[in-house]
Amino acid sequence: MEEFGAVAAAVLSVWFTLVFTLILMPSMFGVSLGISEIYMKILVKTLEVTPGGKKPNPGLCLYFEGIIQRDETTMEEIAGLRRVNFELSDIFYFCKKGYEAIVEDEVTQRFSSEELVSWNLLTRTNVNFHYISLRLTIVWGIGVLVRYCLLLPLRIALAAIGILSMIVGTTLVGQLPSIKNWLSELVHLTCSRILVRALSGTIYYHNKENKPQKGGICVANHTSPIDVIILTNDGCYAMVGQAHGGLMGVIQRATVKACPHVWFERSEMKDRHLVTKRCDGHLWANASTCINNTSVMMFKKGSFEIGGTIYPVAIKYDPQFGDAFWNSSKYSIVSYLLRIMTSWAIVCHVWYLPPVTREEGEDAVHFADRVKSSIALRGGLTELPWDGGLKRAKVKSTLKEEQQKNYSKMIVRNGSAESLSAGTESD
Amino acid sequence: MGSRASTLLRDEEIEEIKKETGFSHSQITRLYSRFTSLDKGENGTLSREDFQRIPELAINPLGDRIINAFFSEGEDQVNFRGFMRTLAHFRPIEDNEKSKDQNGPEPLNSRSNKLHFAFRLYDLDKDDKISRDELLQVLRMMVGVNISDEQLGSIADRTIQEADQDGDSAISFTEFVKVLEKVDVEQKMSIRFLH
């Protein structure tokens, strides 16, 4: 028994030394040893050569292209100029729209996880898991072993180290008033690098020349809490975002001591004013609602009212290696992180877009739309007019009223005395 | 990750649904995946609330009636079979279906079944007649608060007068069909399902 203990201790110490020299030290100085690059290469190769992994295979292949082709004809087009009367067939329009939404709707589609065209050897992405071939099953089995026995413990250790040093580090830095900025940046950078490694994250930064400058506002699309780490990996930001509870809450409360982050309750509009007051001179990132990597929803226009230079940033995850979408109403942060850590890797592209400023006479909403489109265009994301808030809250009744109003206009000419003809027609 | 076995669709079931609705194998599996994603209770059936959670449907003026069509009298759950049966009304009519032999039952997506489906959206009490009240209810749903009771009443009266042939001040299914004689129901009541 003692011998076993000694061996275990030796293995552990070797393991920790390796982790320290190969991962933690490089993180501190911001250098890469190229291990993750090699890992990624092996991964790409494996997924390529595995039969069924790449090749679309009915029953296995998940559908990306959708179920139906929508009819985009508007109500006005259908009615045309031919009439201003009600007809019994008018319900066909709403009816068709309604059933189309039942079969496939843009919003709920975006909030559930993005579906893959090919299987990436993770059980969770293969809903109709069928036996395909012995070879594929063996590869999948090895994958499970590697992911759960090798990668998971390493990642959990790294994440624990990262999160702990983030909390301890920022709290300590918070106590020192004088050299705060420089130190806080170091802590943030180091910890986020450790955390990115904990997720086997490979991040590609594009157009670095457009990297946000001090004093500007950086706006990014937002898929999950790891966006924050990914952005911080390349520079320190003061964040503005939704306050969370649990583990996220602990981290948020700690970091706020070192860096002027602002965390607000989604429902507390009061804080929005606080945000505008505090942001002077700081660089901060604003997040739109978590959405699953295929689209950009309406940005909260708060940050666009202030003016100043906006640096749009587009973040797009590669779903091939793991799904980074956090459905916060379904999974807690811990189970979400577990899902991520048992995936292959997180591969993500970050595009720094040219800075934009508000044009003269342009209102905040329009400006926000413009920034949103530029992000959507770059990230290859679809643009959605829906407010991200739809995800949880009931749909605003105004959207319904608008349709009713439009329809009313069609069947009654300027609210005219249509009724006059009604009585005489039967004569 | 857990076992997905309970949510899998058996081949026999797919065959039966295929026969009943005319959907293809891959259409059925895709719609099944949609069905399960709507099924938040994860019990294999959908409730009215499950449908109401679709934002686009929630803003549809006729949303409630559309949802209602999935549920048979007194039921508050619909299973995948029923879900598919309702959706089958919206399958486009394919060329080879038009000339089909008359022996089998009429397909759910025939012109007459599409019309009957639309008729039932109006006919809430299922007495095979659209009464003035029933028509008014649907009208009110579509126009909201934008048109006065008086005006809406006269629209309803005129619609009934134009359709009514037997003088009972209501619209029967036969009369309904007659009014929509020239309407391209096949196109307007069809959704382009991908193959």
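Near B:GLY144: Cβ cut-off under 12 Å, other residues only, Lys/Arg at +1 and Asp/Glu at -1. The net charge is +2.
For chain B, the C-alpha radius of gyration divided by 2.2 N^0.38 Å, with N the number of residues, is 1.16. For A:TYR205, nonlocal amide neighbours, meaning residues 5 or more places apart or on other chains whose placed amide H falls under 5 Å from its own, are A:VAL350. Kirkwood analysis of the Cα pair distances in the stretch B:106-195 returns a hydrodynamic radius of 14.2 Å.
What FRET efficiency would be calculated for the residue pair A:GLU48, A:VAL356, taking the C-beta separation as r and a Förster radius of 35 Å, to the nearest 0.05? Here the calculated transfer efficiency is 0.35. Computed from the C-beta positions of A:LEU186 and A:GLU209, the FRET efficiency with R₀ = 30 Å rounds to 0.80.
Read-outs throughout are calculated quantities, based only on the coordinates presented, and are distinct from any laboratory measurement. None of the values given here were measured: they were computed from a predicted structure. Reconstructed Cβ throughout: ideal geometry from the backbone, glycine too, with neighbour counts over all protein chains shown.
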